[in-house]
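> So that we are looking at the same thing, I have put the structure below in structure tokens.
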Amino acid sequence: MTVAVVGLGDLGLACALRVHETGRATVGVDISADRRAVWRHATGQEAAGSLQGLAIDHALVCVRTTAQARQVLTDLPVCAAGTGLAAYVLTTLEPAFARGLAAYARDRVRVIELPVSGGRAIARTGDLTVLVGGDQAVADDVEFIRRTLGQQAFAFPRFGDATLAKLLNNTTAAYNAAAFATCIALAEQAGLPAHVCAEVIRASSGASWVADRFEALIGELLAKDAGLLAAELGRLPAIELSDPDLLLATLARGMQLLGKAGRAS
């Protein structure tokens, strides 16, 4: 098995190093000479500037934008060995493009929508949450994902749904981050020490993954993903807490939806 990781930014490099450390032949691919140098320093191996001429059977697409992912998928080499080439698209895509990923599959090339959650540090340990999208993944693909990127995998049979779920997850994180920041500002308004109140929240019922990592959050990424979801679904709702009846109605609706999901499963 030879795996190409296309895009050696923060997430791509972490995924590439993880795959490399599991013993699979791994090729880092990036147009940036600086990023290729980082890969060479970390592994002692040369990185490639493009997919041209590479003999691979797995490709992780970890580029930054939908346009870049489109170009990588267009340039995928055709592999004649084994079950063919599996291309896993980790890039957070525009939903309309994600729904059309099947168009990039061809003879002996499978495309798997694969947004992930957890960030660089979690990628290094292989504990990402992985969303497997589309109908082209075979058993070997799922096994490869679980042995390298993360065992917590959720399947979405329709292309595009995994991307929407990823955007919803990050929008939830954006709501949580905004709530935490708002409550810290309320603490200051009430004359309370903000840093102490932050620790109270983190140690008590207001705790969350986002609150624990608030200072290290990359707010631009959360804003980008929330913006993509808003473009897909329309203006995202504000969460109103001043009206107790409205808050209770919102909570009741969530419990109702989860109850339906529980009965369906």
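Every number in this text was worked out from the coordinates using simple rules, so none of it is lab data. Owing to the predicted nature of the structure, the values given are computational and were not obtained by experimental measurement. Note that we place each Cβ from the backbone using ideal geometry, even for glycine, and neighbour counts take in every protein chain shown.
> Stretched out fully, how many nm does the piece from Val196 to Ser32 gain, at 0.36 nm a residue minus the Cα gap?
Contour length minus Cα-Cα distance gives 54.7 nm.
> Show the residues, 5+ positions off or on another chain, whose built amide H is closer than 5 Å to the amide H of Thr26.
Under 5 Å from the amide H of Thr26 lie the amide H atoms of Val3, each far enough along the sequence or on another chain.
> Which of the three applies to the range 2-157, rounded, prolate or oblate, going by the alpha-carbon gyration tensor with a ≥ b ≥ c and a/c under 1.5 meaning rounded?
Numbers: a/c = 1.36, a/b = 1.18, b/c = 1.15.
Rounded.
> Please list, in order along the range 126-139, the HN-Hα scalar couplings obtained from phi with the Karplus expression 6.51 cos²θ - 1.76 cosθ + 1.60 (θ = phi - 60°), rounded to whole Hz, x for Gly and Pro.
x, 10, 5, 8, 10, 10, 9, x, x, 10, 9, 6, 9, 4
> Tally Lys and Arg at +1 and Asp and Glu at -1 over the other residues with C-beta under 14 Å from the C-beta of Asp127: what net charge comes out?
Once all neighbours under 14 Å are counted, the net charge is +4.
> Could you state the angle between the C-alpha long axis of helix 33-43 and the longest principal axis of the C-alpha atoms of the chain, as a value from 0 to 90 degrees rounded to the nearest 10?
On a 0 to 90 degree scale, this one is about 80.
> Additional query: Return the FRET efficiency for the residue pair Ala155, Ala103: r is the Cβ-Cβ distance, R0 is 25 Å, and the value is rounded to the nearest 0.05.
The calculated FRET efficiency here is 0.75.
> Once the other residues with Cβ under 13 Å from the Cβ of Ala177 are scored (Lys, Arg +1; Asp, Glu -1), what is the net sum?
Neighbour charge sum, excluding Ala177 itself: -3.
> Taking 0.36 nm per residue of sequence separation and subtracting the Cα-Cα distance, how much length would be gained by fully extending the chain between Ala252 and Thr43, in nm to one decimal?
Roughly 70.0 nm would be gained on extension.
> Here's a follow-up. Towards the positive end of the charge dipole of the chain, with charges on Cβ (+1 Lys, Arg; -1 Asp, Glu), say which of Phe154, Gly9, Leu229 has the farthest Cα.
The Cα lying farthest towards the positive end belongs to Phe154.
> With Cβ to Cβ distances under 14 Å as the rule, what net charge do the other residues near Ala211 carry (K, R +1; D, E -1)?
So the surrounding residues net to -1.
> Ok, one more. Cα axis of helix 161-189 to longest principal axis of the chain: angle in degrees, 0 to 90, nearest 10?
40 degrees
> Between Arg64 and Val138, 0.36 nm times their residue separation minus their Cα-Cα distance comes to what?
24.0 nm is the gain from fully extending Arg64 to Val138.
> Of Leu131, Leu101, Leu257, which is farthest along the charge dipole of the chain in the positive direction, counting Lys and Arg as +1 and Asp and Glu as -1 at C-beta?
Leu101
> What's the angle, to the nearest 10 degrees (0 to 90), between helix 194-203's Cα axis and the longest principal axis of the chain?
70 degrees
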